[in-house]
Every structure is written in C-alpha cells, then in structure tokens.
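The values are calculated or read from the model by the stated rules, or taken from the named source; none is laboratory data. All figures in this text were calculated on a predicted structure; none of them were measured in a lab. Please note: Cβ atoms are built from the backbone with ideal geometry, for glycine as well, and neighbour counts cover all protein chains shown.
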Amino acid sequence: MGRIVFMTNIDRQCVMLEKARSQLVQEGHLPNEGSVVFLSDSMIWNADWQQRFADSDIVLFSWMGMGRDTCFLKQGTEFLRNNKITHAMLATEVHPEDTLGGVTPKDRNTMRQYLSYSGIENYRNFWLWLNSQYCQELCTCKPPQQLLWNGIFHPRADKIFTDIEEYRRLYCQPERATVGIIFPRDEWIWADLTYQTELIQEIEAKGLNVIAVFSHWARNVELNAPGVNDSVNAFFYEQGMAAIDVLINTFKFSLTVGKPVDPKFLYNLGVPVLQAYVLLRSREAWQNSIEGLTPMEISCNIAMPEFDGVIHAVPIAGKEQMPDGTTKYQILPERIKRVAAKAAKWANLRRKANSEKKIAIIFHNYPATNSHIGNAQGLDSPASIRLLLERLAERGYQVDSIPPDSRALMDSLLSAATNDRCFLSEAMVEQAPGKVTSEQYRQWFNVLEPGTQAQLSKDWGKPPGDVFNYEGKLVVPGMLNGNIFITVQPPRGFGEDPGKLYHSPDCAPTHHYLAYYH
C-alpha cells in the first residue's frame, strides 16, 4: 500500500514534496509507491492515468489559481468521483464539488495546514500522516507545525525579527532614509535568499537603512495567517506614519486585486513602490531571448502589478536548477545594483523639498512632427499639462509661469526646439535647454554591454551618430519653466530610415534616443 498521487501546479511545492518523499523512502519510513506530479495545462487524460488513479489509495490536487477548466482536471476528477476513489482538491478557491472526494473537512484542513505551514519537516510529516491515514500503514508523525507567517530578514542576523523596534535599534540609523523590501514567505522557508541578501548589501552600501520583510500573501482566517497588508502595517509604520521612504516589491501578480486585503493599503502607505522582477526561467534563457520577458513573465511581473500603482524596475534574478534538484533564484548583479540605485534616488527624492525637485513632463510625439505633439484620442493633453502646472505651483514646486490656456502652452513649446526639423532653426538649436556633447555620450556608451554597443553602431553608426547631432552635440528639445522641463518624446529612429520599421524588428534605438533619457 502507500499509493499516494500528489499533483500540483506549484513548481517549488512539487520539487520540495518530492525531496521530502525521497528522504523518507531512503530512510525506510515510507514505501516507494507514491509520486509527485507537476500538473501542467497541457497534460492529456488517457488510459494510463485512469489505471494510475484506479490503483491509488488517494489522489490529491494542489491548484494555485482561479480557473480549473483544463481537460485533464475535469476528466480526471470526474473519473475519481464516478469510481469512488478517495481524492481531494486543495485549491486556493474552494468549489462545492471539492467536498465529494471522500475526505472529511477535518482531514482537508490538516492537509492544508501541512502544505501552508510549509518547510521540509511539515512536508515529511505530511507524507507520513497520509500514509497512516489513507494507506493503512502505521506511521509515527507530528501534527502540522506552524512557522512564522512574516518577519524581518537580515543576512548578518542570526535570527528572524518579529519586533520592529528591536530591529531598528540594531540595524537602522535614525537620520538615514529607509528602503523597505517585501518578498514571499516561501523564499524564506526554503532559504532562497540570495537576491534579498545582495539587495540589502547594495542598499546599505549607499548609506540607507533596509527593512526586508517576508510575508504570506493573502490573509487566511482558517489558518490564522496574516496577509501582506498586515505585514506592511506591522513593519513599515512608526507611530502611525510611514517609516520607509520607498518599497521594493518582488511578489508577482497584484497585491491588491482579487485578494482578501485592504485594497488601499499601498496607497495609504504613501511611498513609491518599485516592482523588481524575479524571472520564471534561467538567466541564460532570458539573456539569449530576443523578446526579453516571456508573455507569462510580462503578465505576472508587469501587467498585473500595475493595478497596484507600481513603478517598474528591472529583472534582478533568474530561476536556476541546483545540483540537488531544487530551484533557487540567482542574481543578475548589474540589475541588483540598478534597483538599489533607483531605490536610493526615490528615497532621497521623498526627503527633498518640493521647491528643489526637478520634473520632466514628456509629451507623446509620434510621428515626430509638430502636428502630432500630445495627440491622444479623446483627450486634451495640453490642458492636462496646464492644470498639472497649476497643481505643482500650489504644492511648492518651482514654476515660473502658468500659461493662461492650452494654446499659449503649445505656442511656447513650438517656439522652442522640437523633433520637427521642418521648423527647426539655428536659434532654436542654440537655445535648446539640453545638449549632450560627444564626449559625454561616449562615456555612457562605453559602459554598455559589448553586444549592445555593436548593435547600436551597426544600426546608427559610430557614437554619437547623426540623428539630432548639431556640431557635435545631441540636442534635447523642449523648454524650461522653472524647475519643470516640458519636452517631447525622442523619435525612435524610424524616420531616419523608414525601412527599418518594417524589416528590422530588433533595430536598436538611436544614439540620440539614449542620450535624451540619460
């Protein structure tokens, strides 16, 4: 006996449950008849699976996500019900039919505790409990052991902190800006802490405090588990005020949509949230891919977090296979440094007086002609910018003048340098508020990856190229209004060579484009 089939679409759970099972088999505590199977959307229900299920003492499905419309799941669960084979669906969303598998509510709750509390000891005891409860084999096992749902991690500490005041006394200096980091509890449970360690060290090296918090995702009353909003409230506030200046989030998906959390908890915190991406594949696969992030990575790392009002950062780690068969995140060093630098800038910006802040407002401008500046279907972009200038002035930003209407704003902008070279005069070029010298640009260019340098040079010539190059200087169009720079987005380069728009999907942006954003 001991024929247990555990199927899951959660990759780390799949790997670690199999590791726990293999340990018990090698130690002689468990018969080698069970199995763990990764449940993918592409699995096909067939006679082999019918026989495998028919021979099982219990079949368990652990399903992350809302939908269960795969053919395998529908046909497999129907087969199990019709043949009265004991089974249970341990999903994030409970359906009425989930109670029809011959598993009592009490046992379902015990299963969920073992899996949700997580960790190798809970997984080992989960297998022993299943074998004793459903396979008629007497096994000695411990009940589910609850581990911390949230806490503060620091690589130099010999413990996890649950007391924020104790942590601040040991690792924070009151006069410094503070960066918060929030990451999944699962990564702490399995000691997958490489990117967190590197981020903390990079940020501290810049003279900032760091509070790195691991957290369970959504509040679960049944398990008495706090959610990510509870963790934010517990560790990122002091006397009712935000105690951090910027938050780095590495959770995938949205933290506020479709979860039992206060949907305004990030808004109430009132600090910038940087979304740093951990990849679903190896660093090499990402590095060699022409598309960069896959559609799935874009969905869970970029599109869905945008519901939370995040500011996008960059990928910081890839998922790598370890010698023992487990997977762990390994860092992208240059990207870790970039996120740390970005966090430091946002943290320092929060502490700067509004009168000292410099802001760029960039109008959409495609095609790159004056008639297309700020064009937007059904929207009045110039009016929006004029109103924005009013609000900025009210809040203490340095605004020299507020145009009386949209026309006056656009007349002022068009009297300065723009992307439309039909109207560009020598006087406009001379008076342009932004110019990048060839020497300045080459310094930036020389730190780029060799492959990137080669692609830029291949597509647009040696740096600094010819696009918007006037007497050895790359011109940045626009106008200054106090500390507010109103400008137009730089041309992507297709106007210089229209054929590239159709025939070169990997065409690099121009040298001018990079210089503009620098």
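Could you grab me the full set of residues in region 467-477 that are assigned to a loop (DSSP other than H, G, I, E, B) and in contact (Cβ under 8 Å) with a residue 12 or more places away in the chain?
Here is the first cut: in region 467-477, the residues assigned to a loop (DSSP other than H, G, I, E, B) are 467-468, 471-472, 477.
Once the filter is applied, which keeps residues that are assigned to a loop (DSSP other than H, G, I, E, B) and in contact (Cβ under 8 Å) with a residue 12 or more places away in the chain, region 467-477 yields V467, F468, G472, P477.
Anything in region 50-71 that is assigned to a helix (DSSP H, G or I) and buried (at least 18 other Cβ atoms within 10 Å of the Cβ)? List them, or say none. So that I can check it myself, show each step before the final result.
Initially, region 50-71 is screened for residues assigned to a helix (DSSP H, G or I), giving 50-54, 71.
Across region 50-71, the qualifying residue is only F53.
Looking at region 431-450, is at least one residue surrounded by fewer than 17 Cβ atoms within 10 Å (Cβ to Cβ), out of contact with any His (no Cβ under 9 Å at 6 or more places or on another chain), in the same structural domain as H372 (by TED's automatic domain parsing) and more than 28 Å from A508 (Cα to Cα)?
Yes, region 431-450 contains at least one residue that is surrounded by fewer than 17 Cβ atoms within 10 Å (Cβ to Cβ), out of contact with any His (no Cβ under 9 Å at 6 or more places or on another chain), in the same structural domain as H372 (by TED's automatic domain parsing) and more than 28 Å from A508 (Cα to Cα).
Could you list all residues from region 162-197 that are buried (at least 18 other Cβ atoms within 10 Å of the Cβ), more than 15 Å from K319 (Cα to Cα) and among the polar types (S, T, N, Q)?
T178
Modelled with pLDDT of 95 or more, in a loop (DSSP other than H, G, I, E, B) and not polar (S, T, N, Q) - does that describe any residue in region 110-128?
yes
For region 230-277, name all the residues that are more than 16 Å from F183 (Cβ to Cβ) and charged (D, E, K, R).
The answer is E238, D245, K259, D262, K264.
Results for (1) under 22 Å from P333 (Cα atoms); (2) touching a residue at least 12 places away in the same chain (Cβ under 8 Å); (3) part of a helix (DSSP H, G or I), shown as yes or no for each residue.
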site	(1), (2), (3)
Y267	no, yes, yes
W286	yes, yes, yes
A313	yes, yes, no
G318	yes, yes, no
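Test D400 against the stated conditions and say whether it is at pLDDT 95 or above, among the charged types (D, E, K, R) and either in a loop (DSSP other than H, G, I, E, B) or under 21 Å from I361 (Cβ atoms) (or both).
yes
I'd like the residue in region 222-268 that is aliphatic (A, V, I, L, M) and farther than 23 Å from D186 by Cβ and, out of all such residues, is surrounded by the most Cβ atoms within 10 Å (Cβ to Cβ).
V246
State which residue is surrounded by the most Cβ atoms within 10 Å (Cβ to Cβ) when the search covers only region 110-152 and only residues that are charged (D, E, K, R) and in contact (Cβ under 8 Å) with a residue 40 or more places away in the chain.
Filtering region 110-152 for residues that are charged (D, E, K, R) and in contact (Cβ under 8 Å) with a residue 40 or more places away in the chain, the one surrounded by the most Cβ atoms within 10 Å (Cβ to Cβ) comes out as R124.
Only one of these is within 31 Å of the chain's Cα centre (by Cα), of a type in the set (A, V, I, L, M, F, W, C) and in a loop (DSSP other than H, G, I, E, B): L448, L392, L424. Name it. Break it down into steps so the answer makes sense when it comes.
Details: L392 fails: in a loop (DSSP other than H, G, I, E, B); L424 fails: within 31 Å of the chain's Cα centre (by Cα).
Unique residue meeting the criteria: L448.
With respect to P315, is the statement that it is in the same structural domain as L199 (by TED's automatic domain parsing), over 16 Å from the mean Cα position of the chain (by Cα) and not β-branched (V, I, T) true? Before the answer, list the steps.
On the way: in the same structural domain as L199 (by TED's automatic domain parsing): yes; over 16 Å from the mean Cα position of the chain (by Cα): no; not β-branched (V, I, T): yes.
Against the criterion (in the same structural domain as L199 (by TED's automatic domain parsing), over 16 Å from the mean Cα position of the chain (by Cα) and not β-branched (V, I, T)), P315 does not qualify.
From S406, S381, S425, S412, grab the single residue that is loosely packed, with under 13 Cβ neighbours inside 10 Å, on the phi < 0 side of the Ramachandran plot and among the small types (G, A, S). Outline the logic, then answer.
Numbers: S406 fails: loosely packed, with under 13 Cβ neighbours inside 10 Å; S381 fails: loosely packed, with under 13 Cβ neighbours inside 10 Å; S412 fails: loosely packed, with under 13 Cβ neighbours inside 10 Å.
Step by step, each of S406, S381, S425, S412 is checked, and only S425 is loosely packed, with under 13 Cβ neighbours inside 10 Å, on the phi < 0 side of the Ramachandran plot and among the small types (G, A, S).
Could you look through region 239-255, keep only residues that are in contact (Cβ under 8 Å) with a residue 40 or more places away in the chain and more than 14 Å from the chain's Cα centre (by Cα), and pick out the one that is farthest from A340 (Cα to Cα)?
Selected residue: A243.
With respect to S299, is the statement that it is of a type in the set (S, T, N, Q), part of a loop (DSSP other than H, G, I, E, B) and without any contact (Cβ under 8 Å) to a residue 60 or more places away in the chain true?
In short, no.
Would you mind telling me which numbered condition in (1) in a loop (DSSP other than H, G, I, E, B); (2) surrounded by 17 or more Cβ atoms within 10 Å (Cβ to Cβ) D459 fails?
Result: D459 passes all but (1).
How do the helices (runs of 4 or more DSSP H) wholly within region 153-234 filter down when requiring 1 or more residues that are assigned by TED's automatic domain parsing to the domain that holds G270 and free of Cβ contacts under 8 Å to residues at least 24 places away in the same chain: which remain?
164-171, 194-205
Looking only at residues that are among the charged types (D, E, K, R) and within 31 Å of the chain's Cα centre (by Cα) in region 357-389, which one is nearest to G180 (Cα to Cα)?
Filtering first and then ranking leaves K357.
Identify, please: which residue in region 55-79 is of a type in the set (A, V, I, L, M) and modelled with pLDDT of 95 or more and is, among those, nearest to L115 (Cα to Cα)?
L60
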